[in-house]
Amino acid sequence: MPFDKQYYERFYSNPRTAVITEGENRRRAELIAAAVNYLELPVRTILDAGCGMGLLRKPLLKAFKKAEYVGMEYSEYLCERFGWHHGSVHSWRTSQRFELVVCYDVLQYLNDRDAAKAIANLARWCRGVMYFSALTREDWQENCEQEKTDKVLGLRAGNWYRRQLQKHFDPLGCGMWIKRGAPLLAWEMDKAPRI
C-alpha cells in the first residue's frame, strides 16, 4: 500500500472521506490520559508507533505537559513532512524506553509474523502503559464504515491480537494495556479478563 500524499489526503485531510475526525482523536487522547492518570503513572516520554500525521500529538501533549513525544512512521512522505523517525513497528530499533506507547491502526497492515514481531517490539519499548488498537475482521464486518476505510487483506480476529499482547501485557480495557512487571496498581475488577 502506498502511504503517500494522496493516501493521507483521502483518508485524513478530506472531511468527506476522512476515516477519523479531530473530535474522535481528542476523545481517544482523553481516554488514554484518564487511564494513565488513574494508574498514577507520570509520563515523561510518549512513543506514537505508526503515528501517521501525528493527530494524537497535540492532545497527548496537552494531557501530559512535561512529556516528550516521539513519532515513528513508515511513510517516507510523512517523515519528510513532519520530521518523524522513519521505520516500521516490526523492525525499528531504539534504546529509548517510554512510559506511554501508542500503536493505533497500524498492525492490520502487517502479516502475522511481522505483527507478532511488532507486538514484541512494543513490549520492549514500553515501561508502563500502552494504548493499542487495530482494525480486526470483526470490526470490518460489524463496525467500520467500509466506504471510508481502506480494505486490508488478511484481517485478523481480535483474539489473535489479545493472545499476542497477553504474552507481555495485562489488559486494562478500552484498548489500554499494562506492561507486565511495571510497578502499577490496577484493582482486579478494573482489569479486563484474559483469554
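Here, each number is a calculation from the coordinates, and none is a lab measurement. Just so you know, these numbers come straight off a predicted model, no measurement behind them. Please note: Cβ atoms are built from the backbone with ideal geometry, for glycine as well, and neighbour counts cover all protein chains shown.
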Pull up the cross-link candidates among the aspartates and glutamates for LYS167, meaning alpha carbon to alpha carbon under 19 Å and not fewer than 8 places away within one chain. GLU99, ASP112, ASP114, GLU188
Vicinal HN-Hα couplings computed from phi for the stretch 52-64 (Karplus, 6.51 cos²θ - 1.76 cosθ + 1.60; Hz; Gly/Pro x): x, 7, x, 5, 8, 4, 4, x, 5, 5, 5, 6, 10
Nonlocal amide H pairs with GLY87, under 5 Å, H built at 1.01 Å: GLU73, TYR74
Under the Karplus curve 6.51 cos²θ - 1.76 cosθ + 1.60, θ = phi - 60°, whole-Hz ³J(HN,Hα) for the stretch 188-195, x wherever Gly or Pro sits: 3, 7, 7, 7, 7, x, 7, 9
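Select from the stretch 60-99 those chymotrypsin sites (Phe, Trp or Tyr not before Pro) which occupy a DSSP coil region and have at most 12 other Cβ atoms within 10 Å, ordered by residue number.
Details: sites: PHE64, TYR69, TYR74, TYR77, PHE82, TRP84, TRP92, PHE98; in loops: PHE64, TYR74, TRP84, TRP92.
Answer in residue order: no site qualifies.
Stretched out fully, how many nm does the piece from GLU30 to GLN96 gain, at 0.36 nm a residue minus the Cα gap? Walk me through the numbers before you get to the answer.
Details: separation 66, 0.36 × 66 = 23.76 nm, distance 2.48 nm.
Stretched fully, the GLU30-GLN96 segment lengthens by 21.3 nm.
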Provide Rg and Dmax in Å for the chain, with only Cα atoms included in the calculation. 16.0, 46
Taking 7 Å along the Cα-to-C-beta vector as the label spot, tell me the GLN166-ASP190 distance in nanometres, rounded to one decimal. 2.1
So what are the ³J(HN,Hα) numbers for the stretch 81-86, from phi and the Karplus equation (6.51, -1.76, 1.60; θ = phi - 60°), rounded to whole Hz, Gly and Pro as x? 5, 10, x, 5, 6, 8
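For the stretch 44-151, which trypsin sites (Lys or Arg not before Pro) are in a loop by DSSP, counting at most 16 other Cβ atoms within 10 Å?
Working: sites: ARG44, ARG57, LYS62, LYS65, LYS66, ARG81, ARG93, ARG97, ARG113, LYS117, ARG124, ARG127, ARG137, LYS148, LYS151; in loops: ARG44, LYS65, LYS66, ARG93, ARG97, LYS151.
Hits after loop and neighbour filter: ARG44, LYS65, LYS66, ARG93, ARG97, LYS151.
What's the longest bit of the chain with no exposed GluC sites (Glu not before Pro), using DSSP loop states and at most 14 other Cβ atoms within 10 Å as the test?
Values: sites that count: GLU40, GLU145.
Here the longest run is 41-144.
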Net charge around ALA67, counting only other residues with Cβ within less than 13 Å of its Cβ (Lys, Arg = +1; Asp, Glu = -1)? +3
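Mind scanning LYS5/LYS179; LYS5/LYS191; LYS62/LYS179 and naming the pairs with a C-alpha gap bigger than 31 Å?
Numbers: LYS5/LYS179 35 Å; LYS5/LYS191 40 Å; LYS62/LYS179 24 Å.
Beyond 31 Å between Cα atoms: LYS5/LYS179; LYS5/LYS191.
Classify the stretch 70-141 as rounded, prolate or oblate from the Cα gyration tensor: take a ≥ b ≥ c as the square roots of its eigenvalues, call it rounded if a/c is under 1.5, otherwise prolate when a/b beats b/c and oblate if not. All intermediate terms of the calculation are to be shown ahead of the outcome.
Details: a/c = 1.65, a/b = 1.19, b/c = 1.39.
Verdict is oblate for the stretch 70-141.
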Run the quick spin-label model on LYS66 and ARG44: label points 7 Å from Cα toward the beta carbon, then report their separation in nm to one decimal. 0.9
If the chain between GLU80 and ALA120 were fully extended at 0.36 nm per residue, the gain over the current Cα-Cα distance would be 11.7 nm
